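The values are calculated or read from the model by the stated rules, or taken from the named source; none is laboratory data. Owing to the predicted nature of the structure, the values given are computational and were not obtained by experimental measurement. Cβ: placed from backbone, ideal geometry, glycine included. Neighbour counts: every protein chain shown.
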Amino acid sequence: MIGGRVALTLDPGLLNRLATDRTVVLVSGTNGKSTTTSMLARALEGDFSPAWNSTGANMPDGAVTALLDRPDAGTAVLEIDESYLPVVIDDTRPGVVVLLNLSRDQLDRVGETRMVANRIREALRRSPGTTVIANAADPLVVAAAGGADRRIWVRPPSSWHHDAVVCPECLDEIRHHPSGWACTRCDLRRPDADWTVDEAALYRPDGGRHPFELHLPGAANRTNAAFAVAAAAELGVPAASTVRVLCGVRDVAGRYGWIDRPGGPVRLLLAKNPAGWQEVLSVLDGTSSSVVIGVNSRQSDGRDPSWLWDVPFERLRGRTVVAVGDRADDLSVRLHYAQVDHARAADAVAAVDSLRGGPVDIAGDYSTFVSARARLVGV
Ligand SMILES: [Zn+2]
């Protein structure tokens, strides 16, 4: 990434030139972009051997580094931070943009979601020929995708919509109901889905059905996988073959896989905003593990921890919970009001060691995740 940053500083037109004559797929959204990018890159590996930013460096310099590393690759799959998506669309003229979701994340850095959605829509208007594969359940995504000439809709089994109670088009109220959502004033409403995923299967636009048994837990990963299948299909990879690849994935960049430890297995989960926590809590609901929660709110995480009050930590009542991190005091207050009994420890690994065996889930923000992973698996 440093190489990419230096190269971009010396030559601001570099990303544009590196993308020329390649088929570029951009994957963006607040949550799930690393997982979806990794899934899509694996699905395309056999036919395309794509360039991709596997380290998760998802700003323009990370994209430059990924493309510089693979001058031979005719296809590129790039995870892009949603706030940089407009400029990267302008630079790369992507064939496909995957737009997963837009919710609050690092408000001090990324900015307000409706503004982000508007900027993405304008960039798509400037990029005719780009197909958007977008989340039909997310009003902000539907508004952003409105700038594209061609849209393919994916409907997930569930969706976080507490950041979309107001219509991004007219600011009136959005009503959510079991069969969809619609603005109470303007035309914005949930589009009919092309691809649908539920607890059992993935359904193709032509009516075909694929049983969908993933090792990766949770509805969010089923949704990420559905986006990867739809995006690979745009490049000509049959859904059946992508589904086969994705059902073999057990771990994405250290997340979700269980790590063996003498006291019991440990699993690392990344949760950095309310929508991400919603998914992590869904994964935890199905388990009896002890839970270590880490919140640092450092530069890489976003400094503002106020979102802790929007996470339904009440769902952890009765579980063994340990709070860690630079913001353990804030977290502890939140858990207290959620009536979640909890202990405190110096850090995530100390917390694991303080528990008396059995499986442990460590759920934390980015810096918590990286440091715990480094100490537990040495990477
Ligand atoms: Zn409206």
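Being over 27 Å from His215 (Cα atoms), in a helix (DSSP H, G or I) and within 25 Å of the chain's Cα centre (by Cα) is a property that does not hold for Leu376. Taken over the stretch 319-331, residues that are part of a helix (DSSP H, G or I) and either among the acidic types (Asp, Glu) or surrounded by fewer than 17 Cβ atoms within 10 Å (Cβ to Cβ) (or both) amount to 2.
When the stretch 287-316 is examined, which residues are found to be part of a helix (DSSP H, G or I), under 11 Å from Ala363 (Cβ atoms) and aliphatic (A, V, I, L, M)?
Listed by number, the list holds a single entry, Leu316.
Among the residues making up the stretch 229-274, a single one is among the aromatic types (Phe, Trp, Tyr) and surrounded by fewer than 20 Cβ atoms within 10 Å (Cβ to Cβ): Trp258. Taking the stretch 192-203 as the range and being touching a residue at least 12 places away in the same chain (Cβ under 8 Å) and surrounded by fewer than 18 Cβ atoms within 10 Å (Cβ to Cβ) as the test, the residues that pass are Asp192, Asp198, Glu199, Ala200.
Mind listing just one residue for me: the one in the stretch 141-165 that is at pLDDT below 85 and within 19 Å of Arg121 (Cα to Cα) and, of those, farthest from the ligand (Cβ to nearest atom)? The extreme case among them is Asp163. Scanning the stretch 182-218 for residues that are away from the ligand (no atom under 16 Å from the Cβ) and of a type in the set (Asp, Glu) gives Asp192, Asp194, Asp198, Glu199, Asp206, Glu213. Of the numbered criteria (1) surrounded by 20 or more Cβ atoms within 10 Å (Cβ to Cβ); (2) polar (S, T, N, Q); (3) closer than 20 Å to Gly3 by Cβ, the one Ser54 fails is (1).
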